[in-house]
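The values are calculated or read from the model by the stated rules, or taken from the named source; none is laboratory data. Keep in mind that this is a model prediction, so the values were computed, not measured. Virtual Cβ from ideal backbone geometry, glycine too; neighbours counted across all protein chains shown.
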Amino acid sequence: MADIPVERQAIGERIRNARKESGLSSESIATHFGRTVKTYYHWETGVSMPTADQLSDLCRLLEVSADHLLTGVSAWPYDLFQPDDYALLSKEEKTKIEDSIAGAILRRKRKQRLEAA
């Protein structure tokens, strides 16, 4: 693996770690993409990389953000959620989220007023 750029090796390692954490096998992921296990293994070792579309699908499958796989930064995985996912929440869960957002907005507005004064 000496000829593989360190960045690609790191991405491959993050893909492998995310797969293991998800409990999925390399065989099941390879099958999902219609690829051989060897091709998928190349993603995990950095020999080759998934296309942008494959990366997006892989992120959803592994429940991680593209930022995490590409940079190692653990960002909140907003890109994993679809607009319809909000409908899956109970009324109680939606209320908690809305209250939390409202509180964050009010805190931000207070901070801005204090900074402007």
Among the residues in the stretch 6-16, are any in a helix (DSSP H, G or I), modelled with pLDDT under 90, among the basic types (K, R) and surrounded by 13 or more Cβ atoms within 10 Å (Cβ to Cβ)? no
Being more than 30 Å from K20 (Cβ to Cβ), among the polar types (S, T, N, Q) and either assigned to a helix (DSSP H, G or I) or modelled with pLDDT of 85 or more (or both) narrows S100, S48 down to just S100
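Would you call S25 surrounded by 12 or more Cβ atoms within 10 Å (Cβ to Cβ), without any contact (Cβ under 8 Å) to a residue 12 or more places away in the chain and among the small types (G, A, S)? Lay out the reasoning, then the answer.
Numbers: surrounded by 12 or more Cβ atoms within 10 Å (Cβ to Cβ): yes; without any contact (Cβ under 8 Å) to a residue 12 or more places away in the chain: yes; among the small types (G, A, S): yes.
Taking the combined requirement at face value, the residue satisfies it.
Take the stretch 1-44 and flag every residue that is within 19 Å of the chain's Cα centre (by Cα) and among the hydroxyl-bearing types (S, T, Y). Show your work before the answer.
First, pick out the residues of the stretch 1-44 that are within 19 Å of the chain's Cα centre (by Cα): 7-26, 28-30, 32-33, 40, 43-44.
Passing the criteria: S22, S25, S26, S28, Y40.
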